[in-house]
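Engineer: Shown below is the structure under consideration.
The values are calculated or read from the model by the stated rules, or taken from the named source; none is laboratory data. Everything numeric here is computed off the predicted structure, so don't read it as measured data. Cβ sites come from the backbone with ideal geometry, for glycine too, and all protein chains shown count toward neighbours.
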Amino acid sequence: MSYYLCKYNGGNITPLDGPMRSRTVVNMIHSLGDLSRQKVGYCNASRYELAKRKLYPRTKAGDAKLLIDMAANRLESAHQTYQFFYIKDKLYYPVFIDADGDQIEEVQDDEYGSLCESCVTWGLMHFAQQQKKGKYDDIEGLHHIQLWQESSPEHCDFVSCGHCGEYIDVSVLHTFSQEIDHWTDIVTDEDFKRQVDFPRDAWVMRELLISSDAYQNHPAELLKLANRVLDNKPYKAC
Ligand SMILES: [Zn+2]
């Protein structure tokens, strides 16, 4: 027999996940915490609208975390597609080099300051051209420009390649909430509905939803995002 994880809100039941085995759904509920006003439970697969079984009381925070986890699950397959086929592994940045091969300083370039492994060759050509055109004539002792790989990148926000636009897999601290705000407040309903299925956008949304830094720093914003994801990726029974 399979079961659905459900949220009970007044008289309404919202299925959150499933179908799954009873042991899985019970473990899930137990792992999510203690007492509350809102309720989560599981229902028999064949008549989940009718059969309410074993309601588990929940905390408000536990309930929020549950919704965030459910939204993350809903985006999992698109996220995996991006992670597997598109995401870039290495982050490169441009550096001014002198005649002895030593670093003078990093190149400050808003557009192409971060490049991925696929765009290194393009980047070297681009910066050599810029140098030829005289853009860096004021850099004393400049011989040429190299691209260096950042060894263990840790950033305040997501990083994408300035040339191809794909995300680069770096560790993100989510110091700011602007990326979450983008998905909750700036993207229109119509665009959100479309974008939530795009691997690139689903990847970034799920990365936010599963990040403990994002949860710690911006719990209310993440909950808002989770609700928007769940509204736009409604539960479909198999
Ligand atoms: Zn690139």
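Engineer: Go over the candidates Ser114, Ser118 one by one and state the one that is within 13 Å of the ligand (Cβ to nearest atom) and touching a Ser or Thr at 6+ places or on another chain (Cβ under 9 Å). Working first, answer last.
Structural biologist: Values: Ser118 fails: touching a Ser or Thr at 6+ places or on another chain (Cβ under 9 Å).
Of Ser114, Ser118, the one residue that is within 13 Å of the ligand (Cβ to nearest atom) and touching a Ser or Thr at 6+ places or on another chain (Cβ under 9 Å) is Ser114.
Engineer: Picking from Asp17, Asp69, which residue would you name as being at pLDDT 65 or above, closer than 22 Å to Ala214 by Cβ, assigned to a helix (DSSP H, G or I) and not aromatic (Phe, Trp, Tyr)? Break it down stepwise before answering.
Structural biologist: On the way: Asp17 fails: assigned to a helix (DSSP H, G or I).
Within the list Asp17, Asp69, the selection yields Asp69.
Engineer: A further question on this structure: Looking for whichever is surrounded by fewer than 19 Cβ atoms within 10 Å (Cβ to Cβ), at pLDDT 95 or above, under 23 Å from Lys88 (Cα atoms) and not polar (S, T, N, Q) here; the options are Glu166, Glu207, Glu150. Which one fits?
Structural biologist: Numbers: Glu207 fails: surrounded by fewer than 19 Cβ atoms within 10 Å (Cβ to Cβ); Glu150 fails: at pLDDT 95 or above.
Answer to the selection: Glu166.
Engineer: If the Cβ limit is 6 Å and pairs must be 6+ apart or interchain, which residue in segment 76-97 that is within 14 Å of Phe158 (Cβ to Cβ) pairs with which residue that is assigned to a loop (DSSP other than H, G, I, E, B) and at pLDDT below 95?
Structural biologist: Ile87/Asp169; Leu91/Glu150; Leu91/Pro153; Leu91/Val170
Engineer: Looking for whichever is farther than 30 Å from Tyr4 by Cα and touching a residue at least 24 places away in the same chain (Cβ under 8 Å) here; the options are His144, His218. Which one fits? Step through it out loud before you land on a result.
Structural biologist: Details: His218 fails: farther than 30 Å from Tyr4 by Cα.
From the options His144, His218, the qualifying one is His144.
Engineer: Of all residues in segment 123-147 being in a helix (DSSP H, G or I) and surrounded by fewer than 16 Cβ atoms within 10 Å (Cβ to Cβ), which is farthest from the ligand (Cβ to nearest atom)?
Structural biologist: Taking segment 123-147 first, the residues in a helix (DSSP H, G or I) are 123-132.
Then drop every residue that is not surrounded by fewer than 16 Cβ atoms within 10 Å (Cβ to Cβ), which leaves 125, 128-129, 132.
Numbers: Met125: 13, Ala128: 17, Gln129: 17, Lys132: 22 Å.
The residue in question is Lys132.
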